[in-house]
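Just below is one structure, and these are the notes that go with it.
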Amino acid sequence: MQIKDRLRKKFFLRRKKNYFDIKPNFFNPLFKLIEKKYNKKSINLSSYYPASFEVNVLNLFEKSMAKKLKTLLPVIADNDLMYFYKWKKNDVLQINKFGMLEPTSFSNHVVPNVMLVPLLAYDDKNNRLGYGKGFYDRYLNKFLKINKNILTIGIAFSFQKYHNLPVSNNDVKLNYILTEKGIFA
């Protein structure tokens, strides 16, 4: 078994064992960062629908600032590429081939300004260990060439930190990591 696979298993079990529900103020540092970087511009914020003991990002909708954002969720296309489509908190979702929830109706995909990225582990260099399918890395490798200003923020619990994650050429570093202890560059 490769080291990344061992780490995935280890951190999935750690997240399952240590999971706790976060409060809406978990997202205060995120909103401060968005206000500072985007100063009232229209923001397309991509999120994810939490599963498998991921940080519950749905709690960000409890904050009034969230009403000012255009929220997007990922959809996995037939060619195993990921795109983002508009979604509101109570919109209907469907289960995709990986068992993840995604929007049911969509027209044109939208490139986000700010991406909330799920992860299994992160390190001090803002490297991310994902689930191994490469959807976020492929997406970012493609769209960061078009728009270098996409702000990427890994969402995690502080116990998901690892000292030095193995990385490959296709892995994309995140700009920030947000945990219950704050936001880190």
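The values are calculated or read from the model by the stated rules, or taken from the named source; none is laboratory data. These numbers come from a predicted model, not from an experiment. Don't worry about glycine lacking a Cβ; one is built from the backbone with ideal geometry, like all the others, and counts go over all protein chains shown. Areas reflect the complete protein model, heavy atoms only, side chains present, ligands, DNA and RNA absent. Shrake-Rupley method; radii C 1.70, N 1.55, O 1.52, S 1.80 Å.
If I ask for residues that are in a loop (DSSP other than H, G, I, E, B), more than 22 Å from residue 34 (Cβ to Cβ) and either open to solvent by less than 20 Å² (accessible area, probe 1.4 Å) or free of Cβ contacts under 8 Å to residues at least 24 places away in the same chain (or both), which ones from the range 65-88 would you list?
77, 78, 79
Go through the residues of the range 92-112 one by one and say whether even a single one is assigned to a strand (DSSP E or B), at pLDDT 90 or above, touching a helix residue (DSSP H, G or I) at 6+ places or on another chain (Cβ under 9 Å) and not basic (Lys, Arg).
For the range 92-112, residues assigned to a strand (DSSP E or B), at pLDDT 90 or above, touching a helix residue (DSSP H, G or I) at 6+ places or on another chain (Cβ under 9 Å) and not basic (Lys, Arg): absent.
Of the residues in the range 1-41, how many are open to solvent by less than 80 Å² (accessible area, probe 1.4 Å) and without any contact (Cβ under 8 Å) to a residue 60 or more places away in the chain?
Of the residues in that region, 3 qualify.
Could you tell me whether any residue of the range 155-164 is closer than 29 Å to residue 109 by Cα, touching a Leu at 6+ places or on another chain (Cβ under 9 Å) and of a type outside the set (Lys, Arg)?
yes
Name the pairs: first residue in the range 167-185 and under 22 Å from residue 5 (Cβ atoms) and in contact (Cβ under 8 Å) with a residue 40 or more places away in the chain, second residue assigned to a loop (DSSP other than H, G, I, E, B) and open to solvent by 70 Å² or more (accessible area, probe 1.4 Å), Cβ to Cβ under 8 Å, at least 6 apart or on different chains?
Listed pairs, sorted by first residue: 173/125.
Of these, 130, 154, 134, 99, which one is at positive phi and without any contact (Cβ under 8 Å) to a residue 40 or more places away in the chain?
134
Give the residues of the range 114-139 that are surrounded by fewer than 22 Cβ atoms within 10 Å (Cβ to Cβ), more than 24 Å from residue 182 (Cα to Cα) and of a type in the set (Phe, Trp, Tyr), sorted by residue number.
135
Can you find even one residue in the range 154-170 that is open to solvent by 60 Å² or more (accessible area, probe 1.4 Å), assigned to a loop (DSSP other than H, G, I, E, B) and closer than 18 Å to residue 49 by Cα?
Checked the range 154-170: no residue is open to solvent by 60 Å² or more (accessible area, probe 1.4 Å), assigned to a loop (DSSP other than H, G, I, E, B) and closer than 18 Å to residue 49 by Cα.
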